[in-house]
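*Asks:* Below is one structure. I have some questions about it.
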2 protein chains.
Amino acid sequence: MTVAALSEAELLARIFPRLEMGGTHGSATLLGPGDDAAIVSAPDGRAVISIDTQVQDQDFRLQWPNGYRTTGFDVGWKAAAQNLSDINAMGGVAMSLVVSLTLPPETPVSWVADLADGLTAGIRELGATDCSVAGGDLGRGREISVTVAVLGSLAGGTAVLRSGARAGDVVALAGTVGRAAAGLALLESENAVQSLAPAQRALLELQCRPRPPLSAGPLAMAVGATAMLDISDGLVRDGGRLAAASGVVLDLDPAALNPLAEALRPASDLLGADPMAWVLGGGEDHGLLATFPAGVQLPAGFTAIGSVQAPESSTPPGVTIAGHAAGTGGWDHFAD
Amino acid sequence: MTVAALSEAELLARIFPRLEMGGTHGSATLLGPGDDAAIVSAPDGRAVISIDTQVQDQDFRLQWPNGYRTTGFDVGWKAAAQNLSDINAMGGVAMSLVVSLTLPPETPVSWVADLADGLTAGIRELGATDCSVAGGDLGRGREISVTVAVLGSLAGGTAVLRSGARAGDVVALAGTVGRAAAGLALLESENAVQSLAPAQRALLELQCRPRPPLSAGPLAMAVGATAMLDISDGLVRDGGRLAAASGVVLDLDPAALNPLAEALRPASDLLGADPMAWVLGGGEDHGLLATFPAGVQLPAGFTAIGSVQAPESSTPPGVTIAGHAAGTGGWDHFAD
């Protein structure tokens, strides 16, 4: 059955029970779906908000060259993960999601139900225990598009911006980097998904269902991280944004980067690729890049990968590796 | 020039100045665009949130049968208006918008700049003086899609839900009804836009740039409105939702409805249409339908159009007109 066979109310009736609303939802939701708007608790008088869209054939393919079919569960999980990560990257805790779904009439109802399950599972399994879906919007289009806006709380703390890194700080990473890019390369290869070894399959699955380290952001805020962002467009590109906002140089340590690349060998060996390109240029793992004052004990989950240096005329704000300018990687939506 | 010629950063640089951020933006925005998320004030510890999407060829056509070309300004204005209306319908005041734009590569940059101007103009001219655009997301797609999530404040008051109407209450309307539907009928007709009289053109423009009565929602809350929603899908359909949520019958007075229909004569006479069908079934003016305790002086902008009655076995919760069941109108996204 496709969504064209159902009224909006009938489709919502299939989705709502899967979102665990109405009784068991997070306590931050004061009023859930069904009225003109939802009401969410903002206990410290501030709300952190972000919005992200995934579009079919841009952010995911329903069927990849290697044969993998993206499930609704994958898309729902990733929509949750991307947005939860934006709150994490400010040092906050997610309280609520609102979801707008644009669906072609031929979309199977089961795919949409699976998307709702993926949203719920992403919220739960990534540990956003205060968070639930508070509302949404449904409409038709020629391609599937899923937009999520997320509301978070800073719980009385000071948001960790991109602009606070200072010379002498330690650069640290939480979560993984490059794995989603390795998974993307596998999806785009001719290596049939059925033929992949478990370690390769795990990389593919991290592309489809990323696992941002949601406990790390608030921990970083608590110990006084000076700057932070999530790596959605690549270590060098996002690191460059943090460096530019702070007016500093992030100098990365090759000895810290090499193990990150080694973890990608299951894919790079199969594809004859350079795993360091995925470490430096790959986004979508949604790990956190943060800077901490020297001497601070790094919170659980963070590993030092470099140091912050003052810019010089020969070294403008940006990312270097052992003092040499790092090549840019990552992805720009419009430039080719 | 199309958006394909610009990087994401270059396109944002064309949009941001038109959103009046960075200095002159609303005081509710504590941290605007440029970081992982925005931070918005939530002074009474609660945030009201809603989300709405407009998709090309579903919610608007770039060119209509009567020759009118939808401008970016129209789409930006309407995105603001729809979302601001959802906060209004709770009795709240909008504090902040976040915007996700999906754009085909061939979209003219000027169209996108115009959309940003329309967002800003909608916020200002509709009177949402505390509100500004706090952040967003940009991406590619095959069709233009504009999603806005809005954050609002209840300013310490009690949200006006759909479920509080009680027998004996007065039913009242603020803003217009049926005009956007009359405008839609003109757009979909063969009557060239250049040939329209000013009164006809005004109806067309209300479809493209709706004018929800943003002062009316908080005023209704202040005097103790028992239930309220905005009419986005039609008076009978949305009235039916309020009636169902409250378990009551909304009985509308034909003498109050007739003048609403008369206002649509410039279009109905031209098209040979029944203007009452637009009054009962037309959405998108985003007027407010509210119920008030009998004896309360209606706030400025509201006109009584009926009364709330207890349901009976012969008259289940729903909308009646002078005691007779009203025909449903409005629009369902998936049902045909």
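We did not get these values from a lab; they are worked out from the coordinates using the rules stated. Predicted model, so just to flag it, every value in this text is computed and none were measured. Counting neighbours? That spans all protein chains shown, and the Cβs are built from the backbone with ideal geometry, glycine included.
*Asks:* Obtain the nm distance between the two label points defined at A:MET1 and B:ALA322 by a simple spin-label model: each point lies 7 Å from its Cα along the Cα-to-C-beta direction.
*Replies:* 4.1
*Asks:* Also, quick follow-up: Got a sec? How would B:CYS131, B:CYS208 order by Cβ neighbour count within 10 Å, fewest to most?
*Replies:* B:CYS208, B:CYS131
*Asks:* Going out from 0 in 20 Å bins, what whole percent of all Cα-Cα distances in the protein assembly as shown drops into each bin?
*Replies:* With a bin width of 20 Å, the distribution comes to 19, 51, 25, 5, 0.
*Asks:* Same structure again: Measuring from label point to label point, each 7 Å out along Cα→Cβ, what is the B:THR129 to A:GLU125 span in nm?
*Replies:* Between B:THR129 and A:GLU125, the label points sit 5.0 nm apart.
*Asks:* Scale the Cα Rg of the range B:3-153 by the rule-of-thumb value 2.2 N^0.38 Å and send over the ratio, two decimals.
*Replies:* The reported ratio for this selection is 1.01.
*Asks:* Where both partners of a DSSP beta bridge lie in chain A, what percent of those bridges are antiparallel, to the nearest 5?
*Replies:* 75
*Asks:* Right, next: So which residue, out of B:LEU119, B:LEU151, B:LEU12, gets the largest mean-square fluctuation from a GNM of chain B using Cα contacts under 10 Å as springs?
*Replies:* Greatest mean-square fluctuation among the candidates belongs to B:LEU12.
*Asks:* Please determine, in degrees from 0 to 90 and to the nearest 10, the orientation of helix A:198-208 with respect to the longest principal axis defined by the Cα atoms of chain A, where the helix direction is its Cα long axis.
*Replies:* Helix A:198-208 and the main axis of chain A meet at about 70 degrees.
*Asks:* Next up: What is the ratio of the Cα radius of gyration of the range A:170-325 to 2.2 N^0.38 Å, with N the residue count, to two decimals?
*Replies:* 1.06
*Asks:* If you bin every alpha carbon distance in the range B:75-208 into 5 Å steps from zero, what whole percent lands in each bin?
*Replies:* All Cα pairs, binned at 5 Å, distribute as 2, 9, 15, 16, 17, 17, 12, 7, 3, 1, 0, 0 percent.
*Asks:* To one decimal in nm, how far is A:ARG69 from the same spot in the other copies, if labels go 7 Å from Cα toward Cβ? Please give the shortest first.
*Replies:* The answer, with the shortest distance listed first, is 4.2 nm.
*Asks:* Moving on. Per-residue counts of other Cβ atoms within 10 Å, averaged by peptide: what ranking do you get for B:193-202, A:221-230, B:247-256, B:85-94, highest first?
*Replies:* In descending order of packing, they fall as B:85-94, A:221-230, B:247-256, B:193-202.
*Asks:* Rounded to two decimals, what ratio of Rg to Rh does chain B give with C-alpha atoms and a Kirkwood Rh?
*Replies:* My calculation of the ratio gives 0.99.
*Asks:* With θ taken as phi - 60° and the coefficients 6.51, -1.76 and 1.60, list the Karplus ³J(HN,Hα) couplings across the range B:93-99 in order, rounded to whole Hz; mark glycine and proline as x.
*Replies:* Running phi through 6.51 cos²θ - 1.76 cosθ + 1.60 with θ = phi - 60° gives 10, 6, 10, 6, 10, 10, 10 Hz.
*Asks:* If amide hydrogens are placed 1.01 Å from N in the peptide plane, which non-local residues have theirs closer than 5 Å to the one on A:SER232?
*Replies:* Those qualifying (amide H under 5 Å, at least 5 residues apart or on another chain) are A:GLU284.
*Asks:* Pull up the DSSP beta bridges for the range A:86-178 and report the antiparallel fraction as a percent, rounded to 5.
*Replies:* Among the beta bridges of the range A:86-178, antiparallel pairing accounts for roughly 55 percent.
*Asks:* Further question: Whose amide H sits under 5 Å from the amide H of A:ASP137, counting only residues 5 or more places off or on another chain, with H placed in the peptide plane?
*Replies:* Distant-sequence amide H within range of A:ASP137: A:VAL99, A:SER100, A:LEU101.
*Asks:* What whole-number distance in Å separates the alpha-carbon centres of the range B:189-265 and the range B:106-142?
*Replies:* 25
*Asks:* For an R0 of 22 angstrom, estimate the FRET efficiency from the Cβ-Cβ distance between A:SER215 and B:LEU12 and round to the nearest 0.05.
*Replies:* 0.10
*Asks:* Another question about this same structure. How tilted is helix A:109-125 with respect to the longest principal axis of chain A? Cα atoms for both, answer in degrees (0 to 90, nearest 10).
*Replies:* 40
*Asks:* Taking a label point 7 Å from Cα toward Cβ, how far is B:GLY168 from its twins in the other copies, in nm, shortest first?
*Replies:* The answer, with the shortest distance listed first, is 7.3 nm.
*Asks:* Using a label point 7 Å beyond Cα on the Cα-Cβ vector, give me the inter-copy distances for B:PRO254 in nanometres, one decimal, shortest first.
*Replies:* Going from nearest to farthest copy, the values are 8.9 nm.
*Asks:* Turning to a different aspect of this structure: What is the antiparallel percent of DSSP beta bridges lying wholly in the range B:3-153, to the nearest 5?
*Replies:* 70
*Asks:* Of all the stretches in chain B, which is the longest one without any exposed loop site, taking GluC sites (Glu not before Pro) in a DSSP loop (any state but H, G, I, E, B) with at most 12 other Cβ atoms within 10 Å?
*Replies:* The longest uninterrupted stretch comes out as B:191-336.
*Asks:* Taking 25 Å as R0, compute the FRET efficiency from the Cβ-Cβ separation of B:SER163 and B:VAL296 and round it to 0.05.
*Replies:* 0.85
*Asks:* Run the helix sum for the protein assembly as shown: -39,500 (n - 2.57) per DSSP H stretch of 4+ residues, divided by residue count, reported at 222 nm to the nearest 500 deg cm²/dmol.
*Replies:* Using -39500 (n - 2.57) per qualifying helix, the result is -9000 deg cm²/dmol.
*Asks:* Need one number: nm distance between label points at B:SER195 and A:VAL193, each 7 Å from Cα along Cα→Cβ, rounded to one decimal.
*Replies:* 5.5
*Asks:* Putting +1 on Lys and Arg Cβ atoms and -1 on Asp and Glu Cβ atoms, find which of B:GLY272, B:PRO311, B:ALA202 reaches farthest to the positive end of the dipole of the range B:170-325.
*Replies:* Result: B:ALA202, furthest along the dipole toward the positive end.
*Asks:* From the phi of every residue in the range B:288-296, what ³J(HN,Hα) in whole Hz does the Karplus formula 6.51 cos²θ - 1.76 cosθ + 1.60 yield, where θ is phi - 60° and glycine or proline is x?
*Replies:* 9, 10, 9, 10, 10, x, 4, x, 6
*Asks:* Still on this structure, I have one more. Which ³J(HN,Hα) values, rounded to whole Hz and listed in residue order, are derived for the range B:71-83 from phi using the Karplus coefficients 6.51, -1.76 and 1.60 in 6.51 cos²θ - 1.76 cosθ + 1.60 with θ = phi - 60°, glycine and proline given as x?
*Replies:* Taking θ as phi minus 60°, the curve returns 8, x, 4, 4, 5, x, 4, 5, 4, 5, 4, 4, 6 Hz for the range B:71-83.
*Asks:* Next question, about the same structure. Let me confirm one metric for peptide B:143-156, namely the mean number of other chain beta-carbon atoms within 10 Å of its residues' beta-carbons.
*Replies:* Partner-chain Cβ atoms within 10 Å, mean over residues of B:143-156: 5.
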